[in-house]
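Here it is, the structure, as structure tokens.
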Amino acid sequence: MEIKSLGYRTDLLLLELGGSEFRETGEYVVVRTPANPGYWWGNFLLFRSPFAVGDAKARLDAFRQEFPAANHVALGIDSADGVVGAEDELTSEGFDIERNVVMTTAEVIPPTRPNEESSYRFITSDDDWDQLVQLSLATAPMKVDEGYEEFTRRKLASTRTLVEAGHGTWFGAFDGDRLQASLGLMFDGKGLARFQTVQTHPDDRNQGIASTLVHRASTYGLTEGGARTLVMVADPEYLAIRIYRSLGFTDAETQLQFTLPPS
């Protein structure tokens, strides 16, 4: 199955390692994660072309046919140029449109203000992983309810399985034993390494922790990890993208995501 988008190609790699299933229809790829049906970007349709006139409703119907029990709608386009197509139709249907920047680098630049007060190490113990759940909930981009907490626990349980199977590493910044920030770095075994979920607790931001953690993880990935290219996907409107650019990451493509949240 050929995927043009570097962002989606690395997304699907990680999903496949975690047990997700793919089905090619020609018009779109069905991505399904039976172990976590509430994971929007583990249960979505990846279309092969931009939205033509009339496609918004047709693609919405296709999603509901493929995922009749889903409370969400999530669609993507397998492209690199950021062309949406009939954007007005998507807006009329109530879709949120996300344009994320896929960034790459083959070498990193040290941060200008490294944080030397925190300690940096792999996340390994049960307590580390329990703290990672709590950190993920504390930095959630939406209201945390029972469903979101269950989704987070399932996703991190799958992540831990992948890490312990040798497919990647999870890094943390700590104040003593308290987890302040974390990120994942997953490897494809062919020279690519993809960053996952860079997050810092609200109480620990603006201290240079994230930039130091990304730099240390990047250095590990390009040396001991054996990667030749690092991949990072970032929100262009969020301040973290400036951190990644300052460390040497450059824009490679635009990844398009379309969601229709539960009513």
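The values are calculated or read from the model by the stated rules, or taken from the named source; none is laboratory data. The model shown is predicted, which means the values in this text are computed figures rather than measured ones. As a convention, Cβ positions derive from the backbone with ideal geometry for all residues, glycine included, and neighbour counts pool all protein chains shown. Protein only, heavy atoms only, side chains kept; ligands, DNA and RNA dropped before computing areas. Shrake-Rupley method; radii C 1.70, N 1.55, O 1.52, S 1.80 Å.
Quick one: compute the contact order of the range 157-199, relative version, from alpha carbon pairs under 8 angstrom and 6+ residues apart, as a percent.
28 percent
On to the next question. Calculated from DSSP H runs of 4 or more alone, at -39500 (n - 2.57) each and per residue, what is the 222 nm mean residue ellipticity of the chain, nearest 500?
The helix contribution divided over the chain gives -10000 deg cm²/dmol.
Farthest toward the dipole's positive end in the range 26-182, which of Val29, Ile123, Ala74, given Cβ charges of +1 (Lys, Arg) and -1 (Asp, Glu) about the Cα centre?
Result: Val29.
While we're on this one: Might you tell me the accessible area per residue for the range 1-127, computed with a 1.4 Å probe and given in Å²?
51 Å²
For a protection proxy built on the mean count of beta-carbon atoms within 10 angstrom, sort 220-228, 13-21, 191-199 highest first, please.
Result, highest mean Cβ count within 10 Å first: 191-199, 13-21, 220-228.
Over the alpha-carbon set of the range 100-245, work out the extent along each principal axis and list the three values in angstrom, largest first.
Here the Cα extents, ordered largest to smallest, are 40, 33, 32 Å.
Could you give the dipole magnitude of the chain about its Cα centre, charging the beta-carbon of Lys and Arg +1 and that of Asp and Glu -1, in debye to the nearest 20?
Charge dipole, the chain, about its Cα centre: 440 debye, nearest 20.
Once the Cα atoms of helix 146-164 and of the chain are each reduced to a long axis, what angle between those two axes, in degrees from 0 to 90 to the nearest 10, is obtained?
Approximately 60 degrees, to the nearest ten.
Here's another thing I want to ask about it. For Lys155, what accessible area in Å² do you get when you roll a 1.4 Å probe over the heavy atoms of the protein chains, rounding to the nearest 10?
Here the residue's solvent-accessible area equals roughly 50 Å².
Here is a further query. Per the Debye formula with a single identical scatterer at each Cα and no solvent contribution, what log10 I(q)/I(0) holds for the range 3-85 at q = 0.15, 0.27 Å⁻¹?
After summing over all Cα pairs, the log10 values are -0.51, -1.49.
Now a separate question. Shape of the range 172-263 from its Cα gyration tensor (a ≥ b ≥ c, root eigenvalues): rounded if a/c is under 1.5, otherwise prolate when a/b > b/c, or oblate?
oblate
Taking 25 Å as R0, compute the FRET efficiency from the Cβ-Cβ separation of Lys4 and Asp96 and round it to 0.05.
FRET efficiency, Lys4 to Asp96: 0.60.
Would you list Phe122, Phe258 from the most to the least accessible area, probe 1.4 Å?
Working: Phe122 85, Phe258 0 Å².
My answer, sorted largest first, is Phe122, Phe258.
Work through the residues other than Met186 whose Cβ is under 11 Å from its Cβ and net out their charges, Lys, Arg +1 and Asp, Glu -1. Kindly include the intermediate steps, with their values, before the conclusion.
Values: positive: Arg194; negative: Asp11, Asp188.
Local net charge: -1.
Continuing with the same structure: Tell me, what % of the accessible area of the chain is carbon and sulfur with a 1.4 angstrom probe? Mind dumping the intermediate values first?
Details: 6240 of 12820 Å².
So the carbon and sulfur contribution to the accessible surface is 49 percent.
Could you tell me the ratio Rg/Rh of the range 102-160? Both radii from Cα atoms, Rh via Kirkwood.
Taking Rh as the inverse mean 1/r over Cα pairs, Rg/Rh reads 1.08.
Stokes-Einstein at 37 °C, 0.692 mPa s, Kirkwood radius from Cα pairs: D for the chain in µm² s⁻¹? Don't jump to the answer; show the numbers that get you there.
Numbers: Rh = 19.2 Å.
Translational D for this selection: 171 µm²/s.
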